[in-house]
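Structure first, then comments.
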Amino acid sequence: MKSVESLKRRVTPAVEWALPLWTRGKAGRQTPEELFRLLYLGWLVAFSFKVLGASWDVSWHFKWLRDDLAPPHLLNSVGTAIALVLTIIHLYTGYGVDRTAQRLVGWGTGIFLVAVPLDLINHRINGLDITSWSPSHMMLYIGTFLMICGVIRGWFMGAAPGRMRTMVLGGLFVFLFENVWFPAQHQEYGVFGIAAWDRGQPEAEPILLQFAADQMGRAVDRQMVVNFSLPVPDQVYPLYAAVAAMVVLVAARAMIGRMFSATAVIGVYLTYRALIWPLLAIADFPRSSVPVFLIAGALAVDLAFLIRIPAVRALVGSLGVTVLVDQALRLQSGAYYTPPLVSPMTMLIGGLLLAALWLGLEWASTRHRLRSQDMEAVVSATAMP
């Protein structure tokens, strides 16, 4: 009884504070500072659960036969549940978001929730659905991508300038990068899986290997393991690194607005990957190649922002980023496991794609005032008498 009374005394003030705020309103309404911070603290917690679940999930699927209620899925579901509650709050009350952020969060959460049953149906029909790049999986990533983009915009537009604003914005971009890079981890785990097979110590359980072999219609042999571990063309991994990963870092550098912002984002992500690596190994789960080479591309992005002319920055930056990503990947490949390399000419395609996307991002940043200096100018103008 004492514990119940104690819990009641703690919950009652929170309920009394929250109930008057639960009113329907349009996006962009004035949000109490305490509520604004609480909402975005909730998003940080939600994304943390989702990242932890996702990190364990990809390793789990290289060891065990798939299970809808596997612990990584349950951990990820905790984050999804928190995100759903926060989405409902934003959509109903209009607090903490402008119209664009509200739409991004709403559409992102909706796509994710639609993708979950579709993915379950897909696995019922197609078994393992061996690649991370399948349509139902991509819907999960796209939904999460839009969700995080909405949260980034909401924080960017509503948070007061200062160290806290910068740190949270950087943290949100780490979550965005993790989501974008997640499908590429299939190849990073795959090269370890092939190496383990070649050593005669396969990481996957026999039941998983046999299931995959039956699905492919062949014996459990090296070619089956290769097909399971590296199911997409070799060109996908380096091109994805040079284009998708680097575009996220360009956006991070522009919106955070601090020198070496892109390097800091990728540095935090790599530190996280390096920390979970031994934890997975100790728990006897498969390990992966950590993409240390991405730090070279992040540095190139940061240095490119020393160029003040947007179009020149995008073109010169794309060239420098592509060359450094390619060379750093080759250097890491010589020292450690990485997914298969491709010819430098293939990377030229990546450089052209990155240039086009970077130019588009420069245009969008200017048009929609998404650079840090734009927001600082708005705040300064508002503060003037």
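Remarks
- With neighbour counts taken as other beta-carbon atoms within 10 Å, the residues 207, 194 rank, fewest first, as 207, 194.
- Span per principal axis, largest first, for the Cα atoms of segment 153-279 (Å): 60, 29, 23
- Alpha-carbon Debye profile of segment 233-373, log10 I(q)/I(0) at 0.14, 0.17, 0.21 Å⁻¹: -0.65, -0.90, -1.23
- Potential extension, residue 29-residue 316 segment - 0.36 nm per residue separation minus Cα distance: 99.2 nm
- Cα centroid separation, segment 306-348 to segment 30-61 (Å): 31 Å
- Convex hull projection area averaged over all views, segment 155-203, Cα basis, nm²: 4.6 nm²
- Dipole-positive endmost among 240, 319, 200 within the chain (Cβ charges, Cα centre): 319
- Computed across the chain, the Kirkwood hydrodynamic radius from all distinct Cα-Cα pairs reaches 22.5 Å.
- Only helices reaching 18 angstrom along their own axis (Cα) with mean Kyte-Doolittle hydropathy no lower than -1.0 count here, and for the DSSP H runs of the chain these are 2-18, 33-60, 71-93, 99-126, 135-158, 163-181, 185-198, 261-282, 310-335, 344-367.
- Normalised per residue, the volume of the convex hull around the Cα set of segment 31-179 (Å³): 96 Å³
- Order of 349, 256 - criterion: other Cβ atoms within 10 Å of each residue's Cβ, fewest first: 349, 256
- For the chain, the relative contact order works out to 15 percent when only alpha carbon pairs closer than 8 Å and six or more residues apart are counted.
- Among 60, 155, 363, the order by Cβ neighbours within 10 angstrom, fewest to most, reads 363, 60, 155.
- FRET efficiency estimate (nearest 0.05) - Cβ-Cβ, residue 356 to residue 259, R0 30 angstrom: 0.70
Every number in this text was worked out from the coordinates using simple rules, so none of it is lab data. Note that the structure is predicted; figures quoted are calculated from it, not measured. Heads up, the Cβs are rebuilt from the backbone with ideal geometry, glycines too, and the neighbour counts pull from every protein chain shown.
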